[in-house]
1. Assigning unit charges at the beta carbon (Lys, Arg +1; Asp, Glu -1) and nothing else, what dipole magnitude in debye, to the nearest 20, does the protein assembly as shown show about its Cα centre?
2. Could you look at chain B and say what percent of its accessible area is carbon and sulfur, using a 1.4 Å probe and all protein chains?
3. What residues in the range B:43-71 lose 30 Å² or more of accessible surface when the other protein chains are added to their chain alone (1.4 Å probe)?
4. Restricting the count to DSSP beta bridges whose residues both fall in chain B, what percent are antiparallel, rounded to a multiple of 5?
5. What pairs from A:8/B:115; A:39/B:108; A:116/B:39; A:108/B:108; A:115/B:115; B:8/B:116 go past 25 Å between their alpha carbons?
6. Averaged per residue, what accessible surface does the protein assembly as shown expose to a 1.4 Å probe, in Å²?
7. Mind checking A:2-10 for the average number of partner chain beta-carbons within 10 Å of each residue's beta-carbon?
8. Where in the range A:90-109 does accessible area fall by at least 20 Å² between the isolated chain and the complete protein assembly, at a 1.4 Å probe radius?
2 protein chains.
Amino acid sequence: MERIPILKMGSFLLVTIQVDLYDRLALNLESDLINMVSKTGARGVLIDISAVSIVDSFMGRILGNIASMSRIMDAETVVVGMQPAVAITLVELGLTLQGVYTALDVEKGMELLQKKIDLYAPQSEDEEEQSPDDYTD
Amino acid sequence: MERIPILKMGSFLLVTIQVDLYDRLALNLESDLINMVSKTGARGVLIDISAVSIVDSFMGRILGNIASMSRIMDAETVVVGMQPAVAITLVELGLTLQGVYTALDVEKGMELLQKKIDLYAPQSEDEEEQSPDDYTD
């Protein structure tokens, strides 16, 4: 199976990553997602990685890429369901997933996306408030 | 990755099947789903098989099992995103997916589930109306 299915739910797209993202699969996912955002006018992308137990810099980069591309297409990206061990590994690898919002599960991710969409409707760019820099006081 | 993630969305559970369901994975999925239905009190199960291009009698049986088990736990099952080729194969194999409702995509599946839940709330058992027998006049 060469493609990861993208599910449309209202104004959001949902992707569940269950397999290892090797090169072509990741590139397909990127282009499929951006095409879906363009085609459906989705305002948010939810990426569930609860089945991912091993993360590397490639995976981190792909998630960052998707978030950046989606943002250009006016959609926010939220990564949900990250396992604690994955979070530990990410930090140890020095990957902070810049520009990617995270939430504990799909429901919380949807709430967050809804808030982001409502928030960014009037003003334009105010992304610092939930970035990791917040906690370096 | 030994388990297929089950996402909770409101009163529904969503499963996306992206890999071949070999024996243990299918059994894990069955037990995980039933446990989740029990734990969350979910009223519906959505199974997305849009990434499944090859279906056999085993897969058909697993889907039927999940639907039967869920029904005992008071949850309806809807299979969504079936590829046309898969539908053709199922019929050619003589598998009618008894007791399993189908819908074109996740959104339509959710609508159907919502209707089923509303419908079965007052009365008790009236499952014939959407069964394949309907068309044998």
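1. Numbers: 20 positive and 44 negative charges, 46 e Å.
For this selection, approximately 220 debye.
2. 53 percent
3. Flagged in the range B:43-71: B:51.
4. Numbers: 4 of 17 bridges.
The answer is about 25 percent antiparallel.
5. Check vs 25 Å cut-off fails for A:116/B:39; A:115/B:115.
6. 52 Å²
7. Neighbouring Cβ atoms belonging to other protein chains average 5 per residue here.
8. Residues passing the criterion (a loss of at least 20 Å², heavy atoms only) are A:106, A:107.
The values are calculated or read from the model by the stated rules, or taken from the named source; none is laboratory data. Quick caveat: nothing in here was measured; it's all calculated off a predicted structure. For neighbour counting, all protein chains shown are included, and Cβ atoms are generated from backbone atoms with ideal geometry for every residue, glycine included. Please note that ligands, DNA and RNA were not included when accessible areas were found on the heavy atoms of the full protein model with its side chains. Shrake-Rupley method; radii C 1.70, N 1.55, O 1.52, S 1.80 Å.
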